[in-house]
Amino acid sequence: MQNNLDTNYPEYDIQILGINGAGLEHGNTSITAGRNIPWLQDVGHTGEPNVWTSWEVTYRDVIILDTDNTMVGAFNLTTHDLRNWDSYNALIQIFLDTAMSHRAPLLGDASNDNQVTGRDLIAVQQNFGSVDPNNPTDGLLLGDANDDGLVTGADLIAVQQNFGNTLAPVGAEVPEPASACLLALGGLGAMAHRRQVAV
Ligand SMILES: [Ca+2]
Ligand SMILES: [Ca+2]
């Protein structure tokens, strides 16, 4: 699965890593044999972070984290067997949706069409003086090219400075750095079916 993500969706920089639970160290040798994903051992010492506890991990959970390492969901590999292509594709889609939603906004895009063109200059002019009723801004205020919640002269400058830039659709190559999405695979034996499904 990591190879699939790296090959087909490199712009999302999605990373899968394994974290074994504190007290389950005895399983590390067998679970990592023949596999090459990064593997961490939760320590669980008093006063130190224990992610299995804080994420309320159950056996064979995949924990999905955003770019701030905040948990946004869990996907259990016992409930959703990755040998089933529907499950496999569902997990891929969760990864992509998470990465997409945490993607950096396109600076200069005042019309919210993922490209910076003459339309954005018009959008700034037509909405000049607008204030986003959402605080903090949701980044969708028409004319707000720099996503500060206001349409001002600074937005005209943002359009000019980013003119011609685009935000590529899913699966396409992107020239700009995209957001990173860290994914943690929790659970001893979590990748037990890895070879069978060639993830
Ligand atoms: Ca635009
Ligand atoms: Ca603005």
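What follows draws every value from the coordinates through simple rules; no lab data is involved. Just so it is clear, the model here is predicted, and its values are computed rather than measured. Cβ atoms come from the backbone with ideal geometry, glycine included; neighbour counts cover every protein chain shown.
Quick notes on this structure:
- Entry remark, region 108-126: residues being in a loop (DSSP other than H, G, I, E, B) and more than 10 Å from ligand 2 (Cβ to nearest atom) number 8 in total.
- In region 93-117, residue nearest to the chain's Cα centre (by Cα) [restricted to those that are surrounded by fewer than 14 Cβ atoms within 10 Å (Cβ to Cβ) and within 16 Å of ligand 1 (Cβ to nearest atom)]: 104
- Enumeration of residues in region 123-147 that are of a type in the set (Gly, Ala, Ser) and more than 13 Å from ligand 1 (Cβ to nearest atom): 129, 130
- Check on residue 135, within 16 Å of ligand 2 (Cβ to nearest atom), polar (S, T, N, Q) and surrounded by 17 or more Cβ atoms within 10 Å (Cβ to Cβ): no
- When each of 99, 123, 104 is tested for being among the aliphatic types (A, V, I, L, M) and touching a Cys at 6+ places or on another chain (Cβ under 7 Å), the lone residue that passes is 99.
- In region 151-164, the qualifying residues are those that are surrounded by 17 or more Cβ atoms within 10 Å (Cβ to Cβ) and of a type outside the set (Val, Ile, Thr), and the one that is farthest from ligand 1 (Cβ to nearest atom) is 156.
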